[in-house]
Amino acid sequence: HDAQGADLLLDDAAALPARALPLETWHVAAIGLDLLLPAIAFGASQVVVLASPGADREYVAALRSQMAIGETVLQGLGFVGTRFALIEAADAHAIARAFAALAPAPAIAAPATFLLSNDKRTAIEFAVEHLAREAPRKVDEIALPAGSPFGQVRVDASKCTMCMACVG
């Protein structure tokens, strides 16, 4: 949650279930796969982000997209349950109802021990590597949603000019 979310949570401490550990971030837009996937790798069963009513729609949509990619990766690896959720609430009662509707997911068997990198791609890479080692299902490939920022570069060799743009 951000500072506005903290105000909502302070209105009624009973809004959070005992299994929730509230952490404040500068802004919900600062949360992405570089924090979501490592949180699961380190042993969190779920990451729930509270977006206050004034949150910018584009930021909320971007966060939902990041969560969808993360869910796809985790489900592809065989982890069950909803791991990421976004709660948009205007009061503590709405927060409590949203948490009540969210079934807890099981934590991974062995939490990660790597140091979280400031480099976002490295953080994601370490998390995915750990999650893949602990995964119930061993896979070589996971189909990601269209528009995902990861994947492979396909080069039409007949049109290659050796400009190396594909490498960048």
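The values are calculated or read from the model by the stated rules, or taken from the named source; none is laboratory data. It should be emphasised that the depicted structure is a prediction, and the values quoted were computed from it without experimental measurement. When we count neighbours, we look across all protein chains shown, and the Cβ atoms used for this are built from the backbone with ideal geometry, even at glycine. When the accessible area is computed, the model is the full protein with side chains, heavy atoms only, and any ligands, DNA or RNA have been set aside. Shrake-Rupley method; radii C 1.70, N 1.55, O 1.52, S 1.80 Å.
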Worksheet item: Only one residue in Thr161, Thr122, Thr82 is hydroxyl-bearing (Ser, Thr, Tyr) and more than 16 Å from the chain's Cα centre (by Cα). Which one?
Response: Thr161
Fill in: Subset of the stretch 69-83 that is more than 11 Å from Gly32 (Cα to Cα) and not in a loop (DSSP other than H, G, I, E, B) - its residue that is most open to solvent (accessible area, probe 1.4 Å)
Gln75
Worksheet item: Of these, Ala96, Ala132, Ala127, which one is among the small types (Gly, Ala, Ser) and under 27 Å from Leu8 (Cβ atoms)?
Response: Ala96
Worksheet item: Looking at Pro136, Pro106, Pro111, which is the one that is farther than 21 Å from Thr72 by Cβ, modelled with pLDDT of 85 or more and either open to solvent by 50 Å² or more (accessible area, probe 1.4 Å) or not in a loop (DSSP other than H, G, I, E, B) (or both)?
Response: Pro111
Response to the item:
If you go through Ala101, Ala90, the only one that is closer than 22 Å to Pro22 by Cα, open to solvent by 20 Å² or more (accessible area, probe 1.4 Å) and touching a Pro at 6+ places or on another chain (Cβ under 6 Å) is Ala90
Discussion item. For the stretch 48-68, which positions are surrounded by 12 or more Cβ atoms within 10 Å (Cβ to Cβ) and basic (Lys, Arg)?
Written reply: Arg64
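Name the single residue that is modelled with the lowest pLDDT among those in the stretch 23-53 being of a type in the set (Gly, Ala, Ser) and in a helix (DSSP H, G or I).
Ala29
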Worksheet, complete the sentence: For the stretch 114-133 the number of residues that are closer than 19 Å to Ala44 by Cα and either open to solvent by less than 70 Å² (accessible area, probe 1.4 Å) or in a loop (DSSP other than H, G, I, E, B) (or both) is 11
Practice prompt. Find the residue count for the stretch 139-157, including only residues that are open to solvent by 70 Å² or more (accessible area, probe 1.4 Å) and under 13 Å from Gly76 (Cα atoms).
Written response: 3
